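Visitor: Let me begin by handing over the structure; questions about it come next.
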Amino acid sequence: MKIETARLDLIPCTPSAMALIEHYTITERVKQHMYAIEDDISLFGWGTWFVMDHTRQQIIGDVGFKSKPDQDGVVEMLYQISHDAQGNGFATEALDAMIHWALAQDEVYKVTAKCESHNDAAIHVFKKLKMTPTATHHNVLQWEICQH
């Protein structure tokens, strides 16, 4: 399974997907998800997805969700794009695809995301995605987008 956009492939993180990775630093969060999915297949799709640039044919970041949807149908979205790939709209393109994928799942009603209040790049991305700011707590902004 993968999600294709105009410039990107989004590939769910699995042990077999690790073979695709060159020159990309795997965070502890990604490693934990990879091992958790081996024990609980229901996590598939609800963790990290690698972002592959079609042109470079390499991983330039990761997007995904903190966990499976909760009982209210809410998932929290996370992302990071490699420094050398930032400023090209890749985050917006990847997150847009992830939002559409998540909201197409029967168990999801709302997608949320967080960023620090001084993170202008993330704020710009979330605004472009038509997410709504809903709360601020200790300089962290919460954003959301819901099914209509």
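Visitor: Within region 119-132, is even one residue closer than 18 Å to Leu10 by Cα, modelled with pLDDT of 95 or more, touching a Ser or Thr at 6+ places or on another chain (Cβ under 9 Å) and crowded, with 17+ Cβ neighbours inside 10 Å?
Guide: yes
Visitor: Quick one: would you say Lys110 is within 17 Å of the chain's Cα centre (by Cα), basic (Lys, Arg) and under 17 Å from Gly73 (Cα atoms)?
Guide: Here the answer is yes, as Lys110 does meet what is asked.
Visitor: If Asp84 satisfies all but one of (1) surrounded by fewer than 19 Cβ atoms within 10 Å (Cβ to Cβ); (2) more than 18 Å from Leu8 (Cβ to Cβ), what's the number of the condition it fails?
Guide: That leaves (2) as the condition not met.
Visitor: Still on this structure: For the subset of region 133-148 comprising residues that are part of a strand (DSSP E or B), over 17 Å from the mean Cα position of the chain (by Cα) and polar (S, T, N, Q), which member is farthest from Thr92 (Cα to Cα)?
Guide: Once the filter is applied, the top-ranked residue is Thr136.
Visitor: Mind checking which residues of region 65-86 are in contact (Cβ under 8 Å) with a residue 12 or more places away in the chain, more than 16 Å from Phe44 (Cβ to Cβ) and part of a loop (DSSP other than H, G, I, E, B)?
Guide: Within region 65-86, Asp72, Gly73, Ser82, Gln86 qualify.
Visitor: Is it the case that Glu107 is in contact (Cβ under 8 Å) with a residue 12 or more places away in the chain, of a type in the set (D, E, K, R), closer than 21 Å to Arg29 by Cα and out of contact with any Asp or Glu (no Cβ under 7 Å at 6 or more places or on another chain)?
Guide: No; evaluated as a whole, the condition is false for this residue.
Visitor: Please tell me if Ala113 is in a strand (DSSP E or B), over 25 Å from Cys13 (Cα atoms) and among the hydrophobic types (A, V, I, L, M, F, W, C).
Guide: The answer is no for Ala113.
Residues checked against (1) at pLDDT below 95; (2) surrounded by 11 or more Cβ atoms within 10 Å (Cβ to Cβ); (3) among the hydrophobic types (A, V, I, L, M, F, W, C):
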| residue | (1), (2), (3) |
| --- | --- |
| Lys2 | yes, yes, no |
| Ser16 | yes, no, no |
| Gln32 | yes, yes, no |
| Ala36 | yes, yes, yes |
| Thr55 | yes, no, no |
| Gly61 | yes, yes, no |
| Gln71 | no, no, no |
| Val75 | no, yes, yes |
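The values are calculated or read from the model by the stated rules, or taken from the named source; none is laboratory data. What you see is a predicted model, and the numbers here were worked out from it, not measured in a lab. With ideal geometry, Cβ positions are generated from the backbone for all residues, glycine too; neighbour counts draw on all protein chains shown.
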